[in-house]
Amino acid sequence: MKLMISRTLVAFFLLFNLAGIQNVSAQSALGGGFDTDQPIEILADSLEVQQEKQIATFEGNVQVIQGDIRLKAAKLLVYYSQNGKKSSASDTENPPNIRKIDALGDVFLSSPRETAKGDKGFYDVVEKKIQLTGNVVLTQGQSVLRGQKMTLDLVSGKSRIDGTGGRVRGIFVPQKKQ
């Protein structure tokens, strides 16, 4: 289960960061140069697995680190389903499939060049959609984009920012030519 969760978390980080980049700038430090084979470290005050509900909960100052990518949240919920037959905890032939991941409470994502934050983050693995909600702030350098909800469709590549009362606020600072 650890390996499958780790690979899905990598996608979660990359896709959240890429969603922010598409709206702020066309260039990214993550644009193809990120090594997804790097180990993932998850730190939390506690981990609870509810096998009957198929939920793994990391709680309390959750930090996830892979190379230069960081995710922080108060709680991380990983929803999974078993592959085929019922598997035991030691069954490596049938690892669970991750259905969705919820990051709750002061969600903060960062890479060396970009950050994204919001109150909650949701990655629907099956539908291939990501949402960041509640006081969303996307930054790259001095450029900032604010709204209440960011949605990214990973199939079409279409992203959308919705603001409070329909208003989105963006401040775009051009890079100085040298």
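The values are calculated or read from the model by the stated rules, or taken from the named source; none is laboratory data. Because the structure is a prediction, the values reported are computed rather than measured. Cβ: placed from backbone, ideal geometry, glycine included. Neighbour counts: every protein chain shown. Keep in mind that these areas ignore ligands, DNA and RNA; they rest on the heavy atoms of the full protein, side chains included. Shrake-Rupley method; radii C 1.70, N 1.55, O 1.52, S 1.80 Å.
Just a few scattered comments:
- Residues of the stretch 130-152 satisfying the condition of being surrounded by 11 or more Cβ atoms within 10 Å (Cβ to Cβ) and not in a strand (DSSP E or B): G141
- Looking only at the stretch 153-165, residues that are of a type in the set (G, A, S) and either open to solvent by less than 60 Å² (accessible area, probe 1.4 Å) or touching a His at 6+ places or on another chain (Cβ under 9 Å) (or both) come to 3 in all.
- The set of residues in the stretch 96-129 that are assigned to a loop (DSSP other than H, G, I, E, B) and open to solvent by 40 Å² or more (accessible area, probe 1.4 Å) comprises P112, R113, V126, E127, K128.
- Contacts under 9 angstrom Cβ, first residue in the stretch 110-123 being in contact (Cβ under 8 Å) with a residue 24 or more places away in the chain, partner of a type in the set (F, W, Y) and open to solvent by 60 Å² or more (accessible area, probe 1.4 Å), 6 or more apart: T115/F108; A116/F108; G118/F108
- For the stretch 35-53, a residue qualifies if it is at pLDDT 90 or above, open to solvent by 50 Å² or more (accessible area, probe 1.4 Å) and under 19 Å from N97 (Cα atoms), and the qualifying residues are L47, E48, V49, Q51, E52, K53.
- Every pair of residues 6+ apart whose Cβ atoms lie under 6 Å, when the first sits in the stretch 60-83 and is more than 15 Å from V126 (Cβ to Cβ) and part of a strand (DSSP E or B) while the second is open to solvent by 40 Å² or more (accessible area, probe 1.4 Å) and of a type in the set (K, R): Q63/K72
- The set of residues in the stretch 166-178 that are in a loop (DSSP other than H, G, I, E, B) and open to solvent by 80 Å² or more (accessible area, probe 1.4 Å) comprises F172, P174, Q175, K176, K177, Q178.
- Within the stretch 153-165, tally of residues that are closer than 23 Å to Q142 by Cβ and assigned to a loop (DSSP other than H, G, I, E, B): 1
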